[in-house]
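One structure below.
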Amino acid sequence: MELTVAMLLILLNLASWCVLSEGRLLVDMTLVSDASSIGAFCLDGSLPAYHLHRGFGDGASNWLLQFEGGGWCNDIQSCLDRAKTKHGSSLYMNKLEDFNGILSNDASLNPDFYNWNRVKLRYCDGGSFSGDAKFDNGTSVLYFRGQKIWEAIILDLLPKGLGNADKALLSGCSAGGLSSFLQCENFYRALPTNTSVKCLSDAGFFLDERDITLNYTMRTFFENLVSLQGIEKNLDKNCTSFLDNPKLCMFPQYFLNYMTTPFFILNTAYDVYQFHHALVPPSADMNGDWKRCKLSIASCTPQQLDILQGFRGDMLAALSSFLKDSTSGGMFINSCFAHCQSETQETWFALGSPSIQDKAIAGAVGDWYFSRNISKLIDCAYPCDASCNNIIAQVS
(Lines give C-alpha, C1' and ligand atoms only; values in the text may rest on other atoms or scores of the structure.)
Protein backbone atom coordinates (compact mmCIF):
# COMPACT_ATOMS: atom_id res chain seq x y z
CA MET A 1 0.00 0.00 0.00
CA GLU A 2 2.79 2.45 0.85
CA LEU A 3 4.48 1.81 -2.50
CA THR A 4 1.22 2.35 -4.33
CA VAL A 5 0.61 5.67 -2.60
CA ALA A 6 4.16 6.81 -3.32
CA MET A 7 3.83 5.91 -6.98
CA LEU A 8 0.50 7.72 -7.16
CA LEU A 9 2.04 10.87 -5.69
CA ILE A 10 4.83 10.77 -8.25
CA LEU A 11 2.35 10.42 -11.09
CA LEU A 12 0.30 13.31 -9.78
CA ASN A 13 3.39 15.49 -9.57
CA LEU A 14 4.42 14.63 -13.10
CA ALA A 15 0.97 15.46 -14.45
CA SER A 16 1.68 19.18 -14.45
CA TRP A 17 1.15 19.34 -10.70
CA CYS A 18 -2.57 19.63 -11.22
CA VAL A 19 -5.12 19.12 -8.49
CA LEU A 20 -8.76 18.20 -8.97
CA SER A 21 -10.90 19.74 -6.25
CA GLU A 22 -14.69 19.51 -6.31
CA GLY A 23 -14.63 19.15 -10.10
CA ARG A 24 -12.20 22.03 -10.58
CA LEU A 25 -8.87 21.69 -12.37
CA LEU A 26 -6.25 23.58 -10.35
CA VAL A 27 -2.85 23.88 -12.02
CA ASP A 28 0.37 24.75 -10.22
CA MET A 29 2.47 27.79 -11.03
CA THR A 30 5.86 27.61 -12.76
CA LEU A 31 8.38 30.41 -12.25
CA VAL A 32 10.49 31.25 -15.31
CA SER A 33 13.85 30.65 -13.65
CA ASP A 34 15.97 31.94 -16.56
CA ALA A 35 13.92 35.11 -17.07
CA SER A 36 16.46 37.30 -15.29
CA SER A 37 19.08 36.48 -17.94
CA ILE A 38 17.18 38.62 -20.45
CA GLY A 39 15.95 41.19 -17.94
CA ALA A 40 12.40 39.86 -17.69
CA PHE A 41 10.90 40.87 -14.35
CA CYS A 42 7.52 41.67 -12.87
CA LEU A 43 7.00 45.26 -11.76
CA ASP A 44 8.64 44.58 -8.39
CA GLY A 45 11.59 42.63 -9.78
CA SER A 46 10.20 39.14 -9.06
CA LEU A 47 10.27 36.39 -11.69
CA PRO A 48 7.39 36.00 -14.16
CA ALA A 49 5.27 32.87 -14.10
CA TYR A 50 2.81 30.67 -15.95
CA HIS A 51 0.64 27.61 -15.38
CA LEU A 52 0.92 24.64 -17.75
CA HIS A 53 -1.44 21.69 -17.99
CA ARG A 54 -0.17 19.06 -20.38
CA GLY A 55 -2.15 17.88 -23.38
CA PHE A 56 -2.95 14.28 -24.13
CA GLY A 57 -4.17 11.98 -26.87
CA ASP A 58 -4.43 13.58 -30.29
CA GLY A 59 -4.00 17.02 -28.69
CA ALA A 60 -0.59 16.30 -27.17
CA SER A 61 1.26 18.26 -29.86
CA ASN A 62 -1.10 21.26 -29.87
CA TRP A 63 -0.71 24.35 -27.70
CA LEU A 64 -3.04 27.06 -26.38
CA LEU A 65 -1.49 30.04 -24.60
CA GLN A 66 -3.83 32.34 -22.67
CA PHE A 67 -2.76 35.81 -21.53
CA GLU A 68 -4.15 36.77 -18.14
CA GLY A 69 -5.91 40.13 -18.01
CA GLY A 70 -6.13 42.71 -15.25
CA GLY A 71 -6.02 46.33 -16.41
CA TRP A 72 -2.95 48.53 -16.62
CA CYS A 73 -0.92 51.07 -14.66
CA ASN A 74 0.06 54.24 -16.50
CA ASP A 75 1.76 56.36 -13.84
CA ILE A 76 4.41 55.76 -11.20
CA GLN A 77 2.10 55.74 -8.18
CA SER A 78 -0.42 53.31 -9.64
CA CYS A 79 2.43 51.02 -10.72
CA LEU A 80 4.01 51.17 -7.25
CA ASP A 81 0.64 50.18 -5.82
CA ARG A 82 0.21 47.45 -8.40
CA ALA A 83 3.68 46.05 -7.63
CA LYS A 84 2.31 44.99 -4.25
CA THR A 85 -0.43 42.85 -5.79
CA LYS A 86 -0.72 39.66 -7.84
CA HIS A 87 -0.80 41.79 -10.99
CA GLY A 88 2.60 43.26 -10.25
CA SER A 89 4.50 40.53 -8.46
CA SER A 90 4.68 36.76 -8.58
CA LEU A 91 5.18 36.86 -4.80
CA TYR A 92 1.47 37.64 -4.42
CA MET A 93 0.10 35.32 -7.08
CA ASN A 94 -2.09 32.37 -6.19
CA LYS A 95 0.03 29.29 -6.76
CA LEU A 96 -2.87 27.25 -8.13
CA GLU A 97 -4.90 28.55 -11.06
CA ASP A 98 -8.41 27.36 -11.89
CA PHE A 99 -8.56 26.16 -15.50
CA ASN A 100 -12.04 26.37 -16.95
CA GLY A 101 -13.74 27.70 -20.05
CA ILE A 102 -11.25 27.63 -22.91
CA LEU A 103 -8.68 26.10 -20.53
CA SER A 104 -10.88 23.22 -19.35
CA ASN A 105 -9.68 19.63 -19.80
CA ASP A 106 -13.25 18.31 -20.07
CA ALA A 107 -14.36 17.46 -23.61
CA SER A 108 -17.98 18.15 -22.71
CA LEU A 109 -17.08 21.69 -21.60
CA ASN A 110 -14.32 22.56 -24.08
CA PRO A 111 -14.78 20.25 -27.05
CA ASP A 112 -12.05 21.54 -29.36
CA PHE A 113 -9.16 22.39 -27.03
CA TYR A 114 -9.67 20.20 -23.95
CA ASN A 115 -6.71 17.91 -24.65
CA TRP A 116 -4.25 20.53 -25.88
CA ASN A 117 -1.31 21.76 -23.85
CA ARG A 118 -2.91 24.75 -22.16
CA VAL A 119 -0.91 27.58 -20.60
CA LYS A 120 -2.04 30.54 -18.51
CA LEU A 121 0.49 33.40 -18.73
CA ARG A 122 0.39 35.39 -15.51
CA TYR A 123 0.18 39.17 -15.89
CA CYS A 124 2.54 41.20 -13.73
CA ASP A 125 3.87 44.07 -15.86
CA GLY A 126 0.83 46.35 -16.11
CA GLY A 127 1.42 47.05 -19.80
CA SER A 128 -0.21 44.15 -21.69
CA PHE A 129 3.09 42.28 -22.08
CA SER A 130 4.46 45.03 -24.32
CA GLY A 131 6.71 47.41 -22.36
CA ASP A 132 10.46 47.63 -22.13
CA ALA A 133 11.65 50.27 -19.67
CA LYS A 134 12.75 50.74 -16.07
CA PHE A 135 12.05 53.37 -13.42
CA ASP A 136 14.63 53.99 -10.69
CA ASN A 137 14.66 57.17 -8.62
CA GLY A 138 17.13 55.88 -6.06
CA THR A 139 14.34 54.93 -3.67
CA SER A 140 11.92 52.90 -5.74
CA VAL A 141 12.48 50.62 -8.72
CA LEU A 142 9.86 49.47 -11.23
CA TYR A 143 10.45 47.10 -14.11
CA PHE A 144 8.27 47.69 -17.15
CA ARG A 145 9.39 44.54 -18.91
CA GLY A 146 6.24 43.03 -20.39
CA GLN A 147 7.87 42.41 -23.78
CA LYS A 148 10.77 40.62 -22.10
CA ILE A 149 8.37 38.57 -19.98
CA TRP A 150 6.59 37.41 -23.13
CA GLU A 151 9.93 36.47 -24.73
CA ALA A 152 11.15 34.66 -21.60
CA ILE A 153 7.99 32.55 -21.33
CA ILE A 154 8.18 31.59 -25.00
CA LEU A 155 11.86 30.65 -24.62
CA ASP A 156 10.93 28.52 -21.61
CA LEU A 157 8.09 26.74 -23.40
CA LEU A 158 9.78 26.05 -26.74
CA PRO A 159 11.94 23.15 -25.45
CA LYS A 160 8.95 21.81 -23.49
CA GLY A 161 7.14 21.02 -26.71
CA LEU A 162 5.90 24.35 -28.03
CA GLY A 163 8.79 24.35 -30.51
CA ASN A 164 7.35 21.21 -32.11
CA ALA A 165 3.71 22.24 -32.06
CA ASP A 166 1.40 21.10 -34.84
CA LYS A 167 -1.26 23.63 -33.95
CA ALA A 168 -1.08 26.71 -31.73
CA LEU A 169 -3.58 29.30 -30.53
CA LEU A 170 -2.67 32.49 -28.68
CA SER A 171 -5.54 33.98 -26.71
CA GLY A 172 -6.25 36.36 -23.87
CA CYS A 173 -8.95 38.29 -22.07
CA SER A 174 -9.27 42.06 -21.51
CA ALA A 175 -5.76 43.50 -21.10
CA GLY A 176 -4.69 39.97 -22.05
CA GLY A 177 -6.90 40.17 -25.12
CA LEU A 178 -5.03 43.32 -26.09
CA SER A 179 -1.79 41.38 -25.54
CA SER A 180 -3.00 38.79 -28.03
CA PHE A 181 -3.40 41.52 -30.63
CA LEU A 182 0.02 42.99 -29.81
CA GLN A 183 1.96 39.71 -29.75
CA CYS A 184 0.18 37.67 -32.41
CA GLU A 185 2.70 38.29 -35.19
CA ASN A 186 5.59 37.64 -32.81
CA PHE A 187 3.95 34.35 -31.80
CA TYR A 188 3.77 33.32 -35.44
CA ARG A 189 7.43 34.17 -35.98
CA ALA A 190 8.52 32.23 -32.88
CA LEU A 191 7.10 28.91 -34.11
CA PRO A 192 8.07 26.58 -36.97
CA THR A 193 6.74 27.50 -40.39
CA ASN A 194 4.72 24.27 -40.56
CA THR A 195 2.82 25.04 -37.35
CA SER A 196 -0.78 26.19 -37.78
CA VAL A 197 -0.71 29.45 -35.78
CA LYS A 198 -3.80 31.51 -35.02
CA CYS A 199 -4.78 34.11 -32.41
CA LEU A 200 -7.88 35.05 -30.45
CA SER A 201 -8.73 38.18 -28.49
CA ASP A 202 -11.53 38.14 -25.92
CA ALA A 203 -12.71 41.60 -24.84
CA GLY A 204 -9.47 43.13 -26.10
CA PHE A 205 -10.79 45.29 -28.92
CA PHE A 206 -10.50 48.57 -27.05
CA LEU A 207 -11.88 51.49 -29.04
CA ASP A 208 -10.35 54.93 -29.47
CA GLU A 209 -13.66 56.47 -28.47
CA ARG A 210 -14.76 59.82 -27.06
CA ASP A 211 -16.52 59.68 -23.71
CA ILE A 212 -19.91 61.28 -23.06
CA THR A 213 -18.23 64.66 -22.44
CA LEU A 214 -16.41 64.34 -25.79
CA ASN A 215 -13.01 63.81 -24.18
CA TYR A 216 -10.66 61.03 -25.29
CA THR A 217 -10.29 59.49 -21.84
CA MET A 218 -9.10 56.09 -23.07
CA ARG A 219 -6.76 57.65 -25.61
CA THR A 220 -5.08 59.77 -22.95
CA PHE A 221 -4.78 56.76 -20.68
CA PHE A 222 -3.11 54.65 -23.39
CA GLU A 223 -0.82 57.51 -24.44
CA ASN A 224 0.46 57.81 -20.87
CA LEU A 225 0.80 54.02 -20.65
CA VAL A 226 2.85 53.84 -23.85
CA SER A 227 5.13 56.68 -22.73
CA LEU A 228 5.71 55.36 -19.21
CA GLN A 229 6.39 51.76 -20.13
CA GLY A 230 8.43 52.26 -23.30
CA ILE A 231 5.88 50.47 -25.44
CA GLU A 232 6.05 52.48 -28.66
CA LYS A 233 9.09 50.65 -30.05
CA ASN A 234 7.22 47.35 -29.72
CA LEU A 235 4.07 48.44 -31.53
CA ASP A 236 3.25 47.49 -35.12
CA LYS A 237 5.82 49.23 -37.33
CA ASN A 238 3.44 49.69 -40.25
CA CYS A 239 1.01 51.44 -37.95
CA THR A 240 3.54 53.66 -36.14
CA SER A 241 5.05 54.81 -39.43
CA PHE A 242 1.63 55.64 -40.85
CA LEU A 243 -0.06 57.53 -38.00
CA ASP A 244 0.97 61.02 -36.94
CA ASN A 245 0.49 59.89 -33.35
CA PRO A 246 2.21 56.47 -33.15
CA LYS A 247 0.95 55.91 -29.58
CA LEU A 248 -2.50 55.31 -31.06
CA CYS A 249 -1.16 52.02 -32.39
CA MET A 250 -1.95 50.62 -28.95
CA PHE A 251 -5.55 50.50 -30.20
CA PRO A 252 -6.20 47.38 -32.33
CA GLN A 253 -8.45 49.26 -34.76
CA TYR A 254 -5.40 51.08 -36.12
CA PHE A 255 -3.19 48.05 -36.83
CA LEU A 256 -5.67 45.22 -37.37
CA ASN A 257 -5.49 45.56 -41.15
CA TYR A 258 -1.70 45.08 -41.06
CA MET A 259 -1.93 41.73 -39.31
CA THR A 260 -1.45 38.62 -41.44
CA THR A 261 -1.83 35.79 -38.89
CA PRO A 262 -5.41 34.42 -38.75
CA PHE A 263 -7.28 36.20 -35.97
CA PHE A 264 -10.59 35.77 -34.15
CA ILE A 265 -12.23 38.73 -32.38
CA LEU A 266 -14.56 37.86 -29.52
CA ASN A 267 -16.17 40.94 -28.03
CA THR A 268 -19.46 42.25 -26.81
CA ALA A 269 -20.72 45.29 -28.65
CA TYR A 270 -21.51 46.75 -25.22
CA ASP A 271 -18.28 45.79 -23.49
CA VAL A 272 -18.83 46.66 -19.84
CA TYR A 273 -15.25 47.69 -19.09
CA GLN A 274 -15.32 50.16 -21.95
CA PHE A 275 -18.80 51.30 -20.96
CA HIS A 276 -17.60 52.07 -17.41
CA HIS A 277 -14.10 53.35 -18.13
CA ALA A 278 -14.01 54.72 -21.68
CA LEU A 279 -17.53 55.79 -22.64
CA VAL A 280 -18.73 56.84 -19.18
CA PRO A 281 -15.63 57.10 -16.97
CA PRO A 282 -16.06 58.51 -13.45
CA SER A 283 -14.50 61.80 -14.61
CA ALA A 284 -17.35 62.23 -17.11
CA ASP A 285 -20.16 61.46 -14.66
CA MET A 286 -19.37 63.55 -11.60
CA ASN A 287 -23.07 63.89 -10.73
CA GLY A 288 -23.70 60.15 -10.90
CA ASP A 289 -26.35 60.40 -13.61
CA TRP A 290 -25.23 57.04 -15.00
CA LYS A 291 -24.92 55.20 -11.69
CA ARG A 292 -28.22 53.33 -11.93
CA CYS A 293 -27.67 52.53 -15.60
CA LYS A 294 -24.26 51.06 -14.83
CA LEU A 295 -25.73 48.87 -12.12
CA SER A 296 -28.65 47.63 -14.18
CA ILE A 297 -29.25 48.01 -17.90
CA ALA A 298 -32.98 48.01 -17.17
CA SER A 299 -32.50 51.29 -15.33
CA CYS A 300 -30.98 53.14 -18.28
CA THR A 301 -32.98 56.02 -19.71
CA PRO A 302 -33.89 56.07 -23.42
CA GLN A 303 -31.22 58.73 -23.95
CA GLN A 304 -28.59 56.59 -22.25
CA LEU A 305 -29.58 53.57 -24.32
CA ASP A 306 -29.17 55.67 -27.46
CA ILE A 307 -25.61 56.49 -26.41
CA LEU A 308 -24.88 52.82 -25.80
CA GLN A 309 -26.30 51.94 -29.21
CA GLY A 310 -24.01 54.58 -30.67
CA PHE A 311 -21.03 52.87 -29.02
CA ARG A 312 -22.09 49.58 -30.61
CA GLY A 313 -22.30 51.31 -33.97
CA ASP A 314 -18.79 52.71 -33.59
CA MET A 315 -17.42 49.28 -32.71
CA LEU A 316 -19.04 47.67 -35.74
CA ALA A 317 -17.72 50.49 -37.94
CA ALA A 318 -14.19 49.91 -36.64
CA LEU A 319 -14.56 46.22 -37.48
CA SER A 320 -16.20 46.67 -40.87
CA SER A 321 -13.10 46.23 -43.04
CA PHE A 322 -12.05 43.14 -41.05
CA LEU A 323 -15.52 41.70 -41.52
CA LYS A 324 -15.51 42.39 -45.24
CA ASP A 325 -11.89 41.83 -46.25
CA SER A 326 -10.34 39.26 -43.92
CA THR A 327 -10.48 35.80 -45.48
CA SER A 328 -8.81 34.05 -42.53
CA GLY A 329 -10.41 35.96 -39.68
CA GLY A 330 -13.38 35.19 -37.49
CA MET A 331 -15.56 37.13 -35.09
CA PHE A 332 -18.28 36.75 -32.51
CA ILE A 333 -19.71 40.16 -31.60
CA ASN A 334 -22.69 39.66 -29.35
CA SER A 335 -24.98 42.12 -27.61
CA CYS A 336 -24.44 41.14 -24.01
CA PHE A 337 -23.42 43.59 -21.31
CA ALA A 338 -20.39 41.59 -20.26
CA HIS A 339 -16.58 41.55 -20.31
CA CYS A 340 -14.52 38.44 -21.03
CA GLN A 341 -16.46 35.39 -22.17
CA SER A 342 -13.85 32.70 -22.90
CA GLU A 343 -12.50 32.14 -19.38
CA THR A 344 -15.71 31.27 -17.56
CA GLN A 345 -17.64 28.11 -18.32
CA GLU A 346 -21.01 29.85 -18.13
CA THR A 347 -20.21 32.03 -21.13
CA TRP A 348 -17.76 29.81 -23.05
CA PHE A 349 -19.83 26.63 -23.41
CA ALA A 350 -22.70 25.66 -21.14
CA LEU A 351 -26.44 25.27 -21.12
CA GLY A 352 -27.84 28.74 -21.70
CA SER A 353 -24.50 30.35 -22.57
CA PRO A 354 -24.48 33.31 -24.99
CA SER A 355 -25.08 32.37 -28.60
CA ILE A 356 -25.62 33.91 -32.02
CA GLN A 357 -27.73 32.00 -34.53
CA ASP A 358 -27.75 29.09 -32.06
CA LYS A 359 -23.94 28.95 -32.08
CA ALA A 360 -22.15 29.17 -28.72
CA ILE A 361 -18.84 30.96 -28.41
CA ALA A 362 -16.83 27.72 -28.13
CA GLY A 363 -18.45 26.39 -31.29
CA ALA A 364 -17.82 29.59 -33.23
CA VAL A 365 -14.14 29.65 -32.24
CA GLY A 366 -13.73 25.97 -33.05
CA ASP A 367 -15.42 26.35 -36.44
CA TRP A 368 -13.00 29.17 -37.26
CA TYR A 369 -9.83 27.51 -36.00
CA PHE A 370 -10.45 24.19 -37.74
CA SER A 371 -12.00 25.80 -40.85
CA ARG A 372 -15.22 23.85 -40.38
CA ASN A 373 -17.32 26.82 -41.33
CA ILE A 374 -17.13 30.55 -41.96
CA SER A 375 -17.39 32.03 -38.51
CA LYS A 376 -18.20 35.74 -38.59
CA LEU A 377 -21.18 36.31 -36.34
CA ILE A 378 -22.64 39.67 -35.35
CA ASP A 379 -25.60 39.84 -33.00
CA CYS A 380 -28.65 42.03 -33.38
CA ALA A 381 -28.74 45.10 -31.14
CA TYR A 382 -29.79 45.02 -27.49
CA PRO A 383 -32.30 43.92 -26.21
CA CYS A 384 -32.93 41.22 -28.81
CA ASP A 385 -30.57 38.51 -27.45
CA ALA A 386 -32.21 36.40 -24.74
CA SER A 387 -29.04 34.31 -24.23
CA CYS A 388 -27.06 37.12 -22.63
CA ASN A 389 -25.91 37.21 -19.03
CA ASN A 390 -26.12 40.93 -18.37
CA ILE A 391 -24.78 41.00 -14.81
CA ILE A 392 -22.97 44.29 -15.17
CA ALA A 393 -22.91 45.26 -11.49
CA GLN A 394 -19.98 42.89 -11.00
CA VAL A 395 -17.63 44.91 -13.22
CA SER A 396 -15.72 47.77 -11.57
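Got at least one residue in region 121-141 being under 17 Å from the mean Cα position of the chain (by Cα) and in a strand (DSSP E or B)? Working first, answer last.
To start, the set of residues in region 121-141 that are under 17 Å from the mean Cα position of the chain (by Cα) comprises 121-131.
Now restrict to residues that are in a strand (DSSP E or B): 121.
Checked region 121-141: at least one residue is under 17 Å from the mean Cα position of the chain (by Cα) and in a strand (DSSP E or B).
Step by step: first the residues of region 79-92, then only those that are out of contact with any helix residue (DSSP H, G or I) (no Cβ under 6 Å at 6 or more places or on another chain) and without any contact (Cβ under 8 Å) to a residue 40 or more places away in the chain, then the one that is surrounded by the most Cβ atoms within 10 Å (Cβ to Cβ). Which residue is that?
Step one: list which residues in region 79-92 are out of contact with any helix residue (DSSP H, G or I) (no Cβ under 6 Å at 6 or more places or on another chain), which gives 79-84, 87, 89-92.
Pick out the ones that are also without any contact (Cβ under 8 Å) to a residue 40 or more places away in the chain and you get 81, 87, 92.
Values: Asp81: 13, His87: 23, Tyr92: 15.
Result: His87.
Yes or no: region 230-241 includes at least one residue that is among the aliphatic types (A, V, I, L, M) and within 21 Å of the chain's Cα centre (by Cα). Spell out how you get there, then give the answer.
Filtering region 230-241 down to residues among the aliphatic types (A, V, I, L, M) leaves 231, 235.
If we keep only those that are within 21 Å of the chain's Cα centre (by Cα) as well, we get 231, 235.
There is at least one residue in region 230-241 that is among the aliphatic types (A, V, I, L, M) and within 21 Å of the chain's Cα centre (by Cα).
Can you pull out the residues in region 105-150 that are surrounded by fewer than 24 Cβ atoms within 10 Å (Cβ to Cβ), more than 27 Å from Ala83 (Cα to Cα) and of a type outside the set (D, E, K, R)?
Residues satisfying the conditions are Asn105, Ala107, Ser108, Leu109, Pro111, Tyr114, Asn115.
Using beta carbons and a limit of 9 Å, which pairs, at least six apart or on different chains, have the first residue in region 36-58 and farther than 17 Å from Leu80 by Cα and open to solvent by 20 Å² or more (accessible area, probe 1.4 Å) and the second one of a type in the set (Gly, Ala, Ser) and not in a loop (DSSP other than H, G, I, E, B)?
The qualifying pairs are Ser36/Ala152; Ser37/Ala152; Ile38/Ala152.
Can you find a residue that is among the polar types (S, T, N, Q) and within 20 Å of the chain's Cα centre (by Cα) anywhere in region 211-225?
Going residue by residue through region 211-225, those that are among the polar types (S, T, N, Q) are 213, 215, 217, 220, 224.
Narrowing the set further to residues that are within 20 Å of the chain's Cα centre (by Cα) leaves none.
Within region 211-225 (the criterion being among the polar types (S, T, N, Q) and within 20 Å of the chain's Cα centre (by Cα)), the answer is no, since none of the residues qualifies.
Restricting attention to region 210-224, does a residue exist that is open to solvent by 30 Å² or more (accessible area, probe 1.4 Å), among the hydroxyl-bearing types (Ser, Thr, Tyr), assigned to a loop (DSSP other than H, G, I, E, B) and within 28 Å of Leu80 (Cβ to Cβ)?
Pass one, region 210-224, residues open to solvent by 30 Å² or more (accessible area, probe 1.4 Å): 210, 212-217, 219-221, 223-224.
Next, from what is left, pick out any that are among the hydroxyl-bearing types (Ser, Thr, Tyr): 213, 216-217, 220.
From what is left, the residues that are assigned to a loop (DSSP other than H, G, I, E, B) are 213, 216.
With the extra rule that they be within 28 Å of Leu80 (Cβ to Cβ), the set shrinks to 216.
Yes, that holds for at least one residue.
Just name the residue that is farthest from Val280 (Cα to Cα) out of those in region 295-319 that are in contact (Cβ under 8 Å) with a residue 60 or more places away in the chain and of a type in the set (Gly, Ala, Ser).
Ranking the candidates gives Ala318 first.
Determine the pairs where a residue that is within 28 Å of Ser227 (Cβ to Cβ), located within region 138-165, has a partner that is open to solvent by less than 10 Å² (accessible area, probe 1.4 Å) and in a helix (DSSP H, G or I) with Cβ atoms under 6 Å apart, the partner being 6 or more residues away or on another chain.
Within 6 Å, the pairs are Leu142/Cys79; Phe144/Gln229; Trp150/Gln183; Ala152/Ala35.
The values are calculated or read from the model by the stated rules, or taken from the named source; none is laboratory data. These numbers were taken from a predicted model, which means no experiment stands behind them. All Cβ positions, glycine included, derive from the backbone under ideal geometry; neighbour counts span all protein chains shown. In case anyone asks, the SASA skips ligands and DNA or RNA and just uses the protein heavy atoms, side chains included. Shrake-Rupley method; radii C 1.70, N 1.55, O 1.52, S 1.80 Å.
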